[in-house]
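As structure tokens, the structure follows; a few thoughts come after it.
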Amino acid sequence: MLAVGDAAGAVKAATAALKLDENHGQAWHVMAIALEKTGNLQNAFAAFEAAVKLLPDDWAIIDDLGSLANRLGYLDLAEKLYQKCLAADPGNLDVANNLACVLRDANRYDEAIELLKAVIAAHPQSALLWNTLGTVLSDKGDMEQSVIFFEESLRLDPGFQKARYNLANVRVALGEPEQGLADINKAIRGSRLPMEIATMKTAKALTQMILGDLAGAFETYEARFDPSLKEAVAFHAFGKRWSPDDDLQGATLLIYGEQGLGDEILFANLLGDVIDAVGPDGRVLLAISDRLLTLFSRSYPTLVVHSYRTQSRLGRTERSVEFGGEAPAIDLWTPIGSLFRRFRRAKAQFPDTPAFLKADPDRVAHWRDVLQSRNAAPKVGFMWKSLNMNGSRARGFSPFDLWQSVLGTKGVEFVNLQYGDCSAELAQAQAAGLDVWTPPGIDLKQDLDDVAALCSALDLMVAPMTATTNIAAACGVPTWVIAAPDAWPRFGTDGFPCYPSVRLFPTDGFGQWSGVMERIKQALSEEVAGRGVRTAAAA
């Protein structure tokens, strides 16, 4: 049944076999493979473990378990399993490749490269190995070099669509979205696995956003909910799933926040339009991160704001609403990003109002007093990294060393807004004699309502896109954003349409930070010299 793609049928057949003999190792193996294909990852993992216990020397089962462990993020276990397989079969190309993927995902790039070099020397005609080496280099940030290896993989196997897709992503990151889109479309047409197709469609949507094709992009972006994707969120349905053709007038609509915290804020740009569409006889309920409850409740007093509950069940992320009692009658529900399919199909549909979130005015006044009591210099908030710097995410943020030229700008006091552990970077700044002040008495990660107030009391914010940057921009704070060529929220413009207060500082190319840092320093010096930086007293 697995051979013809009937994973559900294979689960039933394996279940029947195990009722006859619960110690049948191969039946547990089939059960595990079938469960994984249906998306039931945690039960699949348990089935693989049962198979390994019964057949401890079956390297195919151990290899499969390692693949699932890697998919679930159990990198240490996956590495041990692959090492065990290689010890028994040193020439196994697939296992060596899988081990290299684990090392890559653990950010151990040099080890992965050395392993792949050795295996490629023995198997120079393997398109799989050349592709994996390309992914290691691209995740490491060596985009231009990775192109060579993806192209070699495709030369060896023109039908290897995963390599074509990886090459497309690199093209987009290097500032060639048109070519990237063409490659993604070709990869989608040549692919057969549902998970690969859904992954490629999601990347296609982001590329369409970069190119400004919003109508097409957000239709394609619905692929992010494909159940074959490990990261796809399953939402608890209340009423009917909204579609762009539904009449919202007078309806009760539940909107779920989705993706990361920054995306929840960015997508909220359209809430005012949704409230207008529902009208006075309708009602809008918003389920959002509990850290944003107070801020959104103040900003949208006609909204009924709840926190959502997210849990993992059988390897699937599920999201529901914390109503605090019986659920109200709901006509329609939707993830917030899906509403762009109706309300943000073109640039002209973005409002030009500078803010859609409102910080607590009393706390803004408090932070202004604190900032003014320090000195008269303009106060510039800054950040330099995301809390999640795992894998390829790290390549999207400048090394802290390169901030020194900006932080050395005369006549400015820089306010540290970086959440998470940043003690090493602050010590580095202090050793270099740079003036960086960390505000006391605020949890920069958890207390987002007070973060909004602090940002609103600043003269300027300078940062890459993070959750805090989104909050500042949504509150209308003048915000200078450092963005790579593949920053999809630009939506084909030279700014960020969701945030009219943003001034974009694009990099010269992927990983090219020095030039943009110098431009920020120059622009900041000019602002200070001309007193163009908003002063707290005048705000």
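So the values come out like this:
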item	result
Helix 25-37 vs. the chain, principal-axis angle (Cα, 0 to 90°, nearest 10)	30
Förster radius 22 Å - calculated FRET efficiency between residue 43 and residue 84 (Cβ-Cβ, nearest 0.05)	0.40
C-alpha center-to-center spacing [region 71-113, region 243-298] in angstrom	44
Amide H within-cut-off set for residue 241, under 5 Å, with H built and near neighbours excluded	333
Spatial separation of Cα centroids for region 149-169 and region 470-507, in angstrom	33
Nearest-20 debye value, region 201-267 charge dipole, Cβ charges on Lys, Arg, Asp, Glu	220
Proxy reagent accessibility, fewest Cβ within 10 Å first, across 475, 101	101, 475
Fewest-first sequence of 419, 109, 165, 82 by Cβ atoms within 10 Å of each Cβ	109, 419, 165, 82
Within straight-line cross-link reach of residue 410, lysines at Cα separation under 27 Å, skipping those fewer than 8 residues along the same chain	379, 385, 521
Crossing angle, helix 127-140 versus the chain [Cα axis fit, 0-90 degrees, rounded to tens]	20
Integer Hz, Karplus 6.51/-1.76/1.60 couplings in order for region 157-164, x for Gly and Pro	9, x, x, 7, 5, 5, 5, 5
Point-to-point label distance, residue 57-residue 19, nm (Cα→Cβ direction, 7 Å offset)	3.4
Those lysines that a straight Cα-Cα span of less than 18 Å connects to residue 80, excepting residues fewer than 8 apart in one chain	53
Rounded to the nearest 20 debye, dipole of region 233-345 from Cβ charges on Lys, Arg, Asp, Glu	320
Simple Cβ-charge dipole of region 2-225, Lys/Arg +1 and Asp/Glu -1, about Cα centre, in debye nearest 20	440
For the chain, with +1 on Lys and Arg beta carbons and -1 on Asp and Glu, the positive-most of 415, 524, 432 along the dipole	524
Region 361-529, relative contact order [Cα under 8 Å, separation at least 6], %	24
Region 287-412, Cα convex hull volume normalised per residue, Å³	230
Peptides ranked, highest mean first, by Cβ atoms within 10 Å: ranges 62-70, 13-21, 137-145	62-70, 137-145, 13-21
Relative contact order (percent, whole number), region 2-225, Cα cutoff 8 Å, 6+ residue spacing	8
Inter-label distance, nm, simple model (7 Å from Cα along the C-beta direction), residue 26/residue 443	5.5
At q = 0.09, 0.12 Å⁻¹, base-10 log of I(q)/I(0) for the chain (Debye sum, equal scatterers on each alpha carbon)	-0.77, -1.27
Contour excess over end-to-end distance, with Cα ends at residue 290 and residue 93 and 0.36 nm allotted per residue	66.2 nm
Normalised contact order of the chain, rounded percent, pairs of Cα under 8 Å and 6 or more residues apart	12
Value of [θ]222 nm, deg cm²/dmol, for the chain, DSSP H segments ≥ 4, -39500 (n - 2.57) each, nearest 500	-15000 deg cm²/dmol
Lys/Arg +1, Asp/Glu -1 at C-beta; region 144-259 dipole; positive extreme among 174, 256, 194	194
For region 2-225, alpha-carbon Rg and Dmax in angstrom	19.1, 58
Too-long pairs where the Cα-Cα distance tops 28 Å, listed order kept, from 84/204; 186/230; 201/358; 186/240; 37/140	84/204; 201/358; 186/240; 37/140
Contour minus Cα-Cα distance for residue 326 and residue 145 (0.36 nm per residue)	59.5 nm
Integer Hz, Karplus 6.51/-1.76/1.60 couplings in order for region 379-384, x for Gly and Pro	9, 10, x, 8, 9, 9
Cα-based Rg and Dmax for region 361-529, where Dmax is the largest Cα-Cα distance (Å)	15.1, 42
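The numbers here are math on the coordinates, done by the rules we state, and not lab data. As the structure is a computational prediction, the values presented were derived from the model and not from experiment. A quick note on method: Cβ atoms are made from the backbone with ideal geometry, for glycine too, and the neighbour counts reach across all protein chains shown.
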